[in-house]
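Throughout, read-outs are computed from the coordinates displayed, never taken from laboratory work. Since we're looking at a predicted model, the values are computed, not measured. For neighbour counting, all protein chains shown are included, and Cβ atoms are generated from backbone atoms with ideal geometry for every residue, glycine included.
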């Protein structure tokens, strides 16, 4: 309590002390440091720097805690939507199979990422997988293009793959995600980009702490027919009767477009969930780091304060004993 | 006090999400199948990174084609925002294909059908549940599993007949005054859907 009183005294004297300390007047040791220009004999040990750091670290901790709670509430809202949309892509995979290793001339990689940052490493993971897929599918006659959803992937891919980027779409989550919006987006992509195979790279939401990078493949109708004739996974596609429409090709075209919009919808929702989950854990670890930093700074602060008080006492006592003789 | 509130909130969110995360174990099938050719070719070109997952590792396994015709047909009816019916065993479904109402019984020939706006009826014993679908696709597989994917569906008793009449009148009028191709197409779609709704309610 005496220390608190001394500290308060120090603060009151502080404006008097600046700009020039008075030699004779032994001011409180908690005044701002004047090591460079202080006159001889007056030693100040500054705790101001440490105190400023403590204040800013405490503010950062409060902000990151608030961001974590916001991310948690957003996650709760979007998680139900994502879970409900999980049944959407399964029928297509059951019918057309999953063929990520298909060899086609025109590959288009659709990278789904977030617009905002501070969400851990999920966007870097998506970009790394996209670049690796580009490398995997490169060949003498093959070309691979990118369609980018989200600012973060755009920032990373524009740096070295600028000429391969076909389409960039940002601000996806300005309005709550809905199937209509995603189907318009899918329509846009299908109209403007020529493809034989679309590979959608996103982070599948497995749990609040685990996000699995996933790639879904959608083939164009011509490639579907080609693979069906070749046999393998799509071999028994020919055994299916086609109802409606004039030709099989027309139905396959509609089917491909519908498949793409459904798979996109699910992947965009899963990526949004992963983004919020990753942001939660990033902000949580950030708050914990800030707490650790605050503890260390508090120790430093106390040590500095006690050292300066001890110095002051020693000076007073040695001065008094010198006077006594 | 703020700290207590935040701790409580964090505890409740993590508790609920952990509970839900345990429920995700039903997402991964018992035997996850992965595309081995993809993984091998990945490992050859990019040895340092783990290969990404593919949808086949998240698929719920499908029953194999039985040798004899089963007694029930398994129906999966999905919408973008919900799975209305998932692996429900029923006697018969009638889907509104573009070529007309199509009845599907167990042992039906594998079919891919494009759907037009109309009624989907699911027959289970003596109960019949009817939904009005906006459009979509229906796949009937050899193992007597029917997948119906629609963009929008409502149970029939949730449709208001007065609004249907009003919508039909409005779109017919818009079709009459439409100038560009786009407007004509939009108005035509509106007329189709509303007349299908109308016949669904009356028929």
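Below, the figures for the structure above:
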quantity	calculated
DSSP bridge pairs, the stretch A:76-220: antiparallel proportion in percent, nearest 5	40
Ranked A:109, B:46, A:63, criterion: other C-beta atoms within 10 Å, fewest first	A:63, B:46, A:109
Tilt relative to chain A, helix A:248-324 - C-alpha long axis, 0 to 90 degrees, to 10	10
Separation of the residue A:174 and residue B:157 label points, Cα + 7 Å toward Cβ, nm	4.2
FRET efficiency estimate (nearest 0.05) - Cβ-Cβ, residue B:72 to residue B:126, R0 22 angstrom	0.90
Relative contact order of the stretch B:75-169, defined on C-alpha pairs under 8 angstrom at six or more residues apart (%)	26
Inter-part distance where the stretch B:158-173 and the stretch A:52-110 are each reduced to a Cα centre, Å	39
Segment residue A:193-residue A:76, extension gain: residue separation times 0.36 nm, minus the distance between their alpha carbons	38.6 nm
Backbone N under 13 Å from the residue B:91 label point (7 Å along Cα→Cβ), restricted to the stretch B:114-128	B:122-128
Angle between chain A longest axis and helix A:2-17 axis [Cα atoms, degrees, rounded to 10]	90
Shape category assigned to the stretch A:180-320 from the gyration tensor of Cα positions, a/c cut at 1.5	prolate
Calculated FRET efficiency for the pair residue A:103/residue B:40, C-beta based, R₀ 22 Å, to 0.05	0.95
Relative contact order for chain A, counting Cα pairs under 8 Å that sit 6 or more residues apart, in percent	26
Computed FRET value (nearest 0.05) for residue B:201 with residue A:184, which takes r as the C-beta separation and R₀ as 22 Å	0.15
Using alpha-carbon coordinates, inclination of helix A:151-160 to the longest axis of chain A, degrees	80
Fraction of antiparallel bridges per DSSP, chain A only, in percent to nearest 5	40
Inter-centroid distance (Cα atoms) of the stretch A:179-246 relative to the stretch B:174-197, Å	30
Among A:232, A:291, A:244: highest mean-square fluctuation, GNM of chain A, C-alpha pairs under 10 Å	A:244
Inter-centroid distance (Cα atoms) of the stretch B:78-106 relative to the stretch A:249-325, Å	51
